[in-house]
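*Asks:* Pasting in a structure now, in structure tokens, and then I'll have a few things to ask.
Read the figures in this text as sums done on the coordinates, not as results from a lab. These figures come from a predicted structure and were not determined experimentally. Every residue, glycine as well, gets a Cβ built from its backbone with ideal geometry; the counts of neighbours run over all protein chains shown.
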Number of protein chains: 2
Amino acid sequence: MTEAGPAAPAAQLATRGPVLLIGTGLIGASIGLALTAHGVPVRLRDASPSAQALARDVGAGEPEGPDDEPPHLVVVAAPPDVTAGLVGAALHAYPHATVTDVASVKARIQHELEGFGVDLTRYVGSHPMAGRERHGAAAADSDLFVGRPWVITPSAVSRTESIRVVRDLAVDLGASPVEMTATEHDEAVALVSHLPQLLSSLAAARLVTAPERALGLAGQGLRDVTRIAASDPTLWASILVGNADHVRRTLRGVRDDLDALLSSLDRAAEDGPLALGALAGIAGLISAGNDGASRIPGKHGGTRRRYSEVTVLVPDRPGELGRLFSEVGEIGINIEDFQMEHSPRQKVGMATLSVLPGVAGTLVTELEERGWRVVVE
Amino acid sequence: MTEAGPAAPAAQLATRGPVLLIGTGLIGASIGLALTAHGVPVRLRDASPSAQALARDVGAGEPEGPDDEPPHLVVVAAPPDVTAGLVGAALHAYPHATVTDVASVKARIQHELEGFGVDLTRYVGSHPMAGRERHGAAAADSDLFVGRPWVITPSAVSRTESIRVVRDLAVDLGASPVEMTATEHDEAVALVSHLPQLLSSLAAARLVTAPERALGLAGQGLRDVTRIAASDPTLWASILVGNADHVRRTLRGVRDDLDALLSSLDRAAEDGPLALGALAGIAGLISAGNDGASRIPGKHGGTRRRYSEVTVLVPDRPGELGRLFSEVGEIGINIEDFQMEHSPRQKVGMATLSVLPGVAGTLVTELEERGWRVVVE
């Protein structure tokens, strides 16, 4: 949970309450926390009484009651398979409210809703691109959406006013609203979210029967590729079946590449490493991967910023990292990014400081003058 | 290159020179740098005169000459496809030297050598599990091997004395020697190194034709999975054809899992998300991925240490991170790991400090007293 410190400004929000949150898991409770912190009245509803009570306890809002004023905005934050039903019921129950949902698949929900015969002019789907590996209101964080894209998927019948209400919610929570159609959204998340999840799981699944000694050789590459393989199976199965058509199209491309790779490897295994076409087939895939990876924008949005990296060996005892950072502060150089890596069985860590290229030389000189051992990348 | 600071101890090494390095790229030059720094005489040979001169310039040793004393140890650090030829020639030219290589495939090289009719009792293959995304002597680093596993693959005929010489080299460079057979090694790297490389490339290759707007939604999951997709195609093609048999066996397992996944997705796409078996098939794969990922030992070797994470919002200006670390130092708590994440379009970073679980509460309280905004995970 977030402990609001003195740095939190209580700016005026555009979002008008009461807001009814249906579903008080990680996403719902995080929305509730952020709105409540800014004085917007939030009511909570969850199929699980204990989940609802937990969300109240972390400060996400108050449980709904029979005498509540009707909501101005309803946010459905439930698993994808129950979302359309909850949205339809809310549109019916609150004839003046804007209703949105935050499910990670969009076209199927839109399609289900069209079968319900409810007033869809007040419905605008959305999907905040935020999350974490932990679940439930206990992991809620009012800063969860800060700086993240929040996809908004109006339909052809969505009212302009309702679209504005959902955009305001995204902006109020610190996110960047991005408008696309439901289909564009589903195609995009198949590529940037569902594809990496499945390839990470496919890689990690091979390790179930791996010899222990082999795993002892694991390096950072394997750790990075398999990090998100720790995700929740039930939640992900529900997300993936809801976007099955786009996901299978992407995965068929993977299977074609994999089949081509396997036939290059077969040639090399049977006719030796210089077998006709074997090297070119493999290098072609790695090379396509180079091209694809280079298209991913940097963390800061836009193209990747180029930083210089300066790696410093830091003794593994209290205060050493503090001394390093306070000396970098004295030198007056801003650290753009930072990574810490420990060497196993060594009482030393490698602290990699990313700085703007123009100042790396100064940083190295100044750190060495202060007795630090520096490795220049 | 490493700038040896006052912290570098010049301990006595077990490795006896002269050492002849054949191949002066990243690995060869890094070995040369570390040995030279400790006073072991190193001679350099590279098919490329400019690569050899660069290695000399960074301090990796002296170019070999006609009057050199014969080497006590020869290290072949060349691409896998030329390694056996160079090892064979060295065994023939220096009848008293131990010869090792550092290629990332082992059984094929052993097999090729057996066809040469040279004295293989003095040959011991090896493979330091270290590297970086940059290549060549300019990226050399005498600390490259510190704390990394260094696999040593003696054959049935390798002399005990030669095995000891290669172990000493690994230990002298700060690595942890791990003995296995060449086949065990090749099977292990197919899983922990070649598999993640290829799945990362397969994922990234799908992005070549992705719409720009889709890529704008990319998050940390996609970035982690595709990080190593930026690797060198030529080098990797040569590594993979050299281990084609083990790699294809691992990839066939991936293809079986992928085919099962595709048939679950086909069912969901055609008969709806509740189609018989669709959810179970997908959840089964994600769940196997959970199990596999949990088997990867932590960075520190052994099982993963459990840390508590404390995330602090840090204003993006010089000195703030320094102030944070120096205050953590004052509090007297050691930081076991650290990650910095910037929010796009926000002048704030999220600094995640990993600390031993028993001290997280104290850290949070003390930081909040000092006015930091803290998010507890």
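*Asks:* Kindly give the distances from B:Pro49 to its copy-mates, label point to label point, with each label point 7 Å from Cα along Cα→Cβ, as nm values to one decimal ordered shortest first.
*Replies:* Distances to the matching label points in the other copies: 8.7 nm.
*Asks:* Further question: For B:Ala210, what is the net charge nearby, where nearby means another residue's Cβ is under 10 Å from its Cβ and Lys, Arg count +1, Asp, Glu -1?
*Replies:* Residues close to B:Ala210 contribute a combined charge of +1.
*Asks:* What fraction, in whole percent, of alpha-carbon pairs in chain B exceed 38 Å separation?
*Replies:* So the portion of pairs separated by more than 38 Å is 36 percent.
*Asks:* Counting each DSSP H run of 4 or more residues in chain A as -39500 (n - 2.57), what helix-only mean residue ellipticity at 222 nm follows after dividing by all residues, to the nearest 500 deg cm²/dmol?
*Replies:* Helix contribution divided over all residues of chain A: -13500 deg cm²/dmol.
*Asks:* Right, another one. Please state, to two decimals, what the Cα-based radius of gyration of the protein assembly as shown comes to when divided by 2.2 N^0.38 Å (N = residues).
*Replies:* Scaled against compact globular proteins, the figure is 1.04.
*Asks:* Suppose we keep just the DSSP beta bridges with both residues in the protein assembly as shown; what percent of those would be antiparallel, to 5?
*Replies:* 55
*Asks:* Same structure again: For A:361-373, what's the mean count of beta carbons from other chains sitting within 10 Å of each residue's beta carbon?
*Replies:* For peptide A:361-373, the averaged partner shielding equals 2.
*Asks:* Considering amide H positions built from the backbone, and no H for Pro or chain starts, which residues 5 or more places from A:Phe338, or on another chain, come under 5 Å of its amide H?
*Replies:* Close amide H contacts, sequence-distant or interchain: A:Ser354, B:Met340.
*Asks:* While we're here: Among DSSP bridges having both ends in chain B, what percentage is antiparallel? Round to the nearest 5.
*Replies:* If we restrict to bridges inside chain B, about 55 percent are antiparallel.
*Asks:* Sticking with this one: Which cross-chain or sequence-distant (5 or more) residues have an amide H under 5 Å from the amide H of A:Ala175, H modelled 1.01 Å from N in plane?
*Replies:* Under 5 Å from the amide H of A:Ala175: A:Gly147.
*Asks:* Most exposed first by the Cβ proxy, i.e. fewest other Cβ within 10 Å, how do A:Ile239, A:Ile31 rank?
*Replies:* Sorted ascending by nearby Cβ count, the order is A:Ile239, A:Ile31.
*Asks:* Inter-copy label distances at B:Ala89, 7 Å along the Cα→beta-carbon direction, one decimal in nm, shortest first?
*Replies:* 7.8
*Asks:* Still on this structure: At B:Gly136, with labels set 7 Å past Cα in the Cβ direction, how many nm apart are the copies from this one, shortest first?
*Replies:* So the label point of B:Gly136 gives 5.4 nm to the other copies.
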